[in-house]
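The values are calculated or read from the model by the stated rules, or taken from the named source; none is laboratory data. Note that the structure is predicted; figures quoted are calculated from it, not measured. Here Cβ is always computed from backbone atoms with ideal geometry, including for glycine, and neighbour counts include all displayed protein chains.
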Amino acid sequence: MTERNGAEQWYDKGVEAMNQRQWDYAIECMSTAVRLSPDTLEYRKSKYRCCRKKEKEEGTSAIAAVKLVDIRRKLLQAKMIKDWSGMDKWGEAGIVYAPSDAQFFAHVAHACTEMQRIRVARYAWSIALRLAPENIDFNRAYGRFLCMQKEFDSAQKCFQRILQQDAEDRYAKEMLRYIDVERLIHKRGYGDAESTHDVEKDSDHSSPVVNQGDQEGVFALDVGGVFDLQQDGHRAGVEVNSATRQKSHHLRLARNYADQRQWDRCLDAYRSALEFAPDDPSIKEMMEDAELSQLCDNVDRLQRAARKTPGAVRLTQEAQDAEHQMLLRRIEVYKERIERYRSDMKLRFSLAEDYSKLGEYRQAIPLYQQAANNITLKAQALLKLGQCWICDGKRDLAARQFSTALTRLKAAEHPDEWKTAHYWLGRLHEADGRIEDAESHYSEVILLDYGFRDTVKRLEGLQSSSAVDV
């Protein structure tokens, strides 16, 4: 029996079980069919329907939550080593226990894209975005996927959705410009031409016919003799189209290399694109972003090596030096950009974070204050401001910032920020001898996360000292 025939049999069993509302057995049968024939989209669709129906009727069990922890860990491992088959497998396993989690569908879509299972990838992305339509990362990835499939109108909608969430997203703006160029190239057939000569031939066939009576005035005298102005203008148009096509080609190469994290080749491709558009600031910015990503990857590599070799002082120092150089370069790049994008508060927030990492808090404070004018960044910026004021020795200002941040934070939506604000308020009140206030804030933290930093130890210390005083 072939695997395909076996898949069909398991699928039939799954359909029968589904009709009898035996969801667990139906999901098991459908999962086996998917494993035996991963390219067959219908098997996956039926499996997803079973998973949703089971979740709707039975809810999510405690066992499922435990299993999901292990599945997410294995997904991360598969992604790190580019095991696309494993990533697909564990993404499908996650869907069984959490069919409303868009991230599992995104993992399946990513893996299937890499394995050229285009129909499956398209469907998985569509579900991921149906579950999380405002997720910027999903819209970026699906937009790139659609660009690869030459579906420019649908790709355009993805990047427009990003701009609805963040009007200053430079990547989305650049991709929309890129889509306009690619759509034009694809429409006119320049993308299939192998040389400038091919483009010129195609353009000759598409040029309008000139009537005999219209040819007067077409010729003019120059030092070199007689020139056909119509043909000369036509060639100029061909050169422009060819330059646009070449630039687009190198940008595509650069993006492909970036996806593969081959940064040297990526930077070379951007340099080649700049030769055809030397004044295009967006290419220069993409090149800077690639350079920063290369520096970041180098830092990660050195840090991993240092962790694998405990006591390796040289490796640890190299990692610290590399991180310092990366931060300096990123600050240099971001300082130039905020002059061009004065309304981009996310950029100011990122620059402030880098200054904070270098201990330059007085440089970071005004940037965080500016970023706090952005509604989506306000709570985070106030939180960071409080930490900067502590480091700058202004504890009263820090307490005010944390208290203001808490008025905008909700534990369910911003758990990490919420815990951090309460923790630091507890620390500040503890230092000022306001024991009851400190205990109150520490209690808020451990109610949400018992293991957060040293909160339990501090709270127990305060309570024991209070007991002694009594």
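A few points about this structure:
- Test result for M326, at pLDDT 90 or above, surrounded by 17 or more Cβ atoms within 10 Å (Cβ to Cβ), in contact with a Cys (Cβ under 7 Å, 6 or more places away or on another chain) and not small (G, A, S): yes
- Selection status of R255, in a helix (DSSP H, G or I), touching a residue at least 12 places away in the same chain (Cβ under 8 Å) and surrounded by 17 or more Cβ atoms within 10 Å (Cβ to Cβ): yes
- Among the criteria (1) closer than 28 Å to A352 by Cα; (2) surrounded by 13 or more Cβ atoms within 10 Å (Cβ to Cβ), the one R265 does not fulfil is (1).
- Search result, residues across the range 266-281 that are among the charged types (D, E, K, R) and more than 14 Å from H249 (Cα to Cα): D279, D280
- On inspection, I179 passes the criterion of being of a type in the set (A, V, I, L, M) and more than 16 Å from the chain's Cα centre (by Cα).
- For A93, the test of being assigned by TED's automatic domain parsing to the domain that holds R140, crowded, with 17+ Cβ neighbours inside 10 Å, among the aliphatic types (A, V, I, L, M) and in contact with a Leu (Cβ under 8 Å, 6 or more places away or on another chain) is failed.
- The condition of being within 30 Å of K67 (Cβ to Cβ), part of a helix (DSSP H, G or I), touching a residue at least 12 places away in the same chain (Cβ under 8 Å) and more than 13 Å from the chain's Cα centre (by Cα) holds for only one of A155, A106, A93, that being A93.
- Residues satisfying the criterion are absent from the range 162-170 (criterion: assigned to a helix (DSSP H, G or I), modelled with pLDDT of 90 or more and not β-branched (V, I, T)).
- Some residue of the range 333-341 being of a type in the set (A, V, I, L, M, F, W, C), crowded, with 21+ Cβ neighbours inside 10 Å and within 24 Å of Q165 (Cβ to Cβ): no
- Taking first residues from the range 31-42 that are under 14 Å from M115 (Cα atoms) and partners that are among the small types (G, A, S), the Cβ contacts under 6 Å between residues at least 6 apart in sequence or on separate chains come to S37/A7.
- Listed by position, the helices (runs of 4 or more DSSP H) inside the range 281-378 whose residues that are under 30 Å from A405 (Cα atoms) number at least 2 are 313-340, 345-357, 361-371.
- Considering residues of the range 414-454 that are in a helix (DSSP H, G or I) and among the basic types (K, R) only, the residue farthest from A379 (Cα to Cα): R427
- Inspection of the range 35-45 finds no residue satisfying the criterion of being at pLDDT below 90, within 29 Å of R161 (Cα to Cα) and assigned by TED's automatic domain parsing to the domain that holds A17.
- If the condition is being under 21 Å from D83 (Cβ atoms) and assigned to a helix (DSSP H, G or I), then the range 259-272 contributes only D259.
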